[in-house]
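None of the figures in this text is laboratory data; all of them are computed from the coordinates on show. What you are looking at is a predicted structure, and each value in this text was computed from that prediction instead of being measured. Neighbour counts run over all protein chains shown; Cβ positions are idealised from the backbone, glycine included.
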């Protein structure tokens, strides 16, 4: 049975304090209304055990999780950062697996979020979320929301009474940027920057890219989307007799974090934005770059980690896919990936196109150390929500004619999938 959430709790979670996140994120010189003295929203500091190795002098054995990345960056060159596995062993032993295999269907479950936990973003602060994915409701909405729950793993520790809360773990490790600040199974040393992750697949993988960009937006140092571009949906491809999309049809890249953050990118026309939000929803977006979409996109976190997304790469010609990586992503040379003398190595490829990875999912000259197939994840998580909560949280905004939509709410399942991907990268575990 679902856990009921009353109106007052909704108002607390959607208060001005939470929405102040957006004010802090965007430094608008014309906005003089920010209240820098309001510290009520500051997170509680949690101290984690972080032993370090040094040859010259001793460093404190504990650092604050909220600033763990900065502390590690400031350490002397003779100090070896604690590995992600050692950090988990010291602070989140319930998240360790004895086999390295995570059976999501049998080990996963949904629990209410911990008291005081706020969503990483909402419909307004997420400035690159397609409008159709939002599940924003008026403040007097008194039913459970997707963000009231989180995915946990039950790995059998402490007599199976203490679950692994993936969000808490990922946040403590520093989110995506944390992949480059401590040794992991796919990054041997912190000198291997930037860490690169490729997300290739359908709109469900697009939601994962958007959830990562929105959830860790305070760490963004560069952002790329495009405008305009062809419709590569199944129906659109059928109308063109499945003729592959050429590079000349792609449109132009937009490379500006500040511009995209200010003007926004919601995948619809500005005149139609209001159609995607329920009456009474606070702070409905009223801006979006004309023709903007994230079918080809990149986000860089703290100049350390780059996450790339290509929508349905098998619908692009080989030349178009090569030139996406050379002209858009600027990772290869001479407009052709195979011309590079040194292969481009990604730390991970995340994909969901069928149960078996297509041969041409990456262009020539581009390889990935680790591959994470997520095709089965969404249906498993939908089933877990229905079992544990009594409802699947699919998009239910006014644009959806038969809610819940097949696309899950944001925030919601896409954030759980992001946590799973990062968990796999931090640990090297296989999620099935």
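Footprinting exposure proxy ranking of 268, 418, 307, fewest other C-beta atoms within 10 angstrom first, gives 268, 307, 418.
Computed on region 164-255, with alpha-carbon pairs under 8 angstrom and 6+ residues apart, the relative contact order is 21 percent. Of 237, 129, 298, the sequence from fewest to most neighbouring Cβ atoms within 10 angstrom is 237, 298, 129.
Cα centroid separation, region 386-410 to region 103-167: 14 Å. Ordered by the count of other Cβ atoms within 10 Å of each Cβ, fewest first, 242, 141 give 242, 141.
If you take the square roots of the eigenvalues of the alpha-carbon gyration tensor of region 228-318 and sort them as a ≥ b ≥ c, do you get rounded (a/c under 1.5), prolate (a/b over b/c) or oblate? Cα axes put region 228-318 in the oblate bin.
Between the C-alpha center of region 358-377 and that of region 233-261 there is a gap of 20 Å.
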